[in-house]
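The values are calculated or read from the model by the stated rules, or taken from the named source; none is laboratory data. Fair warning: this is a prediction, and the values are worked out from it, not measured in the lab. Methodologically, a virtual Cβ is constructed for each residue, glycine included, from the backbone with ideal geometry; neighbour enumeration extends over all protein chains shown.
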Amino acid sequence: MIVLGIVGKIGSGKTYISNIFNHFGFKTFNADNCVHRLYKKNIKLNFKISKVFKLQLTKGRINTQELINIIIKKNYLIKKLNNIVHPEVKKELLIFLKKNKKETLVILDIPLLLETNLKKYVNIIVFVDTSKKKISFLVKKKKNFNLKLFKILTTFHLNENLKKELSDFIIYNKSHKDNKKQIKKIINKIVLDKE
């Protein structure tokens, strides 16, 4: 099994690119979706967060908007949140990798892949390169976009040039048609060993 990790700036279109890989038949692990599921279903996790952030639980769940408001006011607390949430995401990732160990190629869409110890599970890194103008457009299009939260989250990311240096391939996020061509080339190279 080859494990391919997709990296890039926030709003560069990493999930969009991972969805194209998925369209080609490759299983994908999306960390953001995983976190949303954990907030919905993992009562122990919600309880830990509620204790640290002094939040009320409703039917075993925290109010994520209240949590975001606290992080914006006291951005240093995001490290505490990461320390609670990241181990649970790692558990889910390991389940995903074990479940799909017979697959030829799997895709990881994890925002802080290179910044965490999760990079040790990856064989190949693909950087999604997107213009600043397009990133600004894509980020503002996101549901519940918050500029203050966006700025806080970007402080945890490695420098863009360093991410490029650490990557095996770069996808220039332009048009859907062009992106599919680039992804096909990568698949041919790593799975079929073709130029």
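Of all the residues in the stretch 165-190, those that are polar (S, T, N, Q), under 20 Å from T104 (Cβ atoms) and surrounded by 13 or more Cβ atoms within 10 Å (Cβ to Cβ) number 1. Scanning the stretch 86-110 for residues that are surrounded by 17 or more Cβ atoms within 10 Å (Cβ to Cβ) and among the β-branched types (V, I, T) yields V89, V106, I107, I110.
Against the conditions (1) surrounded by 14 or more Cβ atoms within 10 Å (Cβ to Cβ); (2) in contact (Cβ under 8 Å) with a residue 12 or more places away in the chain; (3) of a type outside the set (D, E, K, R), N19 satisfies every one except (2).
Pairs linking a residue in the stretch 23-49 that is within 25 Å of K184 (Cα to Cα) to a residue that is of a type in the set (S, T, Y) and at pLDDT below 95, with Cβ atoms under 7 Å and 6 or more positions apart or on different chains, are N30/T15.
Taking (1) part of a helix (DSSP H, G or I); (2) surrounded by 14 or more Cβ atoms within 10 Å (Cβ to Cβ) in turn, L113 satisfies each apart from (1). Looking across I49, I78, one residue alone is of a type outside the set (S, T, Y), part of a helix (DSSP H, G or I), at pLDDT below 90 and buried (at least 17 other Cβ atoms within 10 Å of the Cβ). It is I78. Filtering the stretch 52-69 to residues that are assigned to a helix (DSSP H, G or I), buried (at least 16 other Cβ atoms within 10 Å of the Cβ) and more than 20 Å from the chain's Cα centre (by Cα) leaves only F53. The requirement of being surrounded by fewer than 15 Cβ atoms within 10 Å (Cβ to Cβ), of a type outside the set (K, R) and under 21 Å from the mean Cα position of the chain (by Cα) is satisfied by N83. Scanning the stretch 7-24 for residues being outside any helix (DSSP H, G or I) and over 22 Å from F156 (Cα atoms) gives a total of 1.
Can you pull out the residues in the stretch 154-172 that are part of a helix (DSSP H, G or I) and out of contact with any His (no Cβ under 9 Å at 6 or more places or on another chain)? Within the stretch 154-172, T154, E160, N161, L162, K164, E165, L166 qualify.
Looking at F96, F137, F127, which is the one that is among the aromatic types (F, W, Y), over 15 Å from the mean Cα position of the chain (by Cα) and either in a helix (DSSP H, G or I) or at pLDDT 80 or above (or both)? Exactly one of F96, F137, F127 is among the aromatic types (F, W, Y), over 15 Å from the mean Cα position of the chain (by Cα) and either in a helix (DSSP H, G or I) or at pLDDT 80 or above (or both), namely F137.
Can you find, within the stretch 87-119, the residue that is nearest to I17 (Cα to Cα) among those that are of a type in the set (S, T, N, Q) and without any contact (Cβ under 8 Å) to a residue 40 or more places away in the chain? Ranking the qualifying residues of the stretch 87-119, first place goes to T116. A search for C-beta distances below 6 Å between a residue of the stretch 171-195 that is in contact (Cβ under 8 Å) with a residue 40 or more places away in the chain and any residue that is of a type in the set (D, E) and surrounded by 14 or more Cβ atoms within 10 Å (Cβ to Cβ), counting only pairs 6+ apart in sequence or on different chains, returns Y172/D129. Put simply, of I78, I72 the only residue that is in contact (Cβ under 8 Å) with a residue 40 or more places away in the chain, in contact with a helix residue (DSSP H, G or I) (Cβ under 9 Å, 6 or more places away or on another chain) and more than 16 Å from V35 (Cβ to Cβ) is I72.
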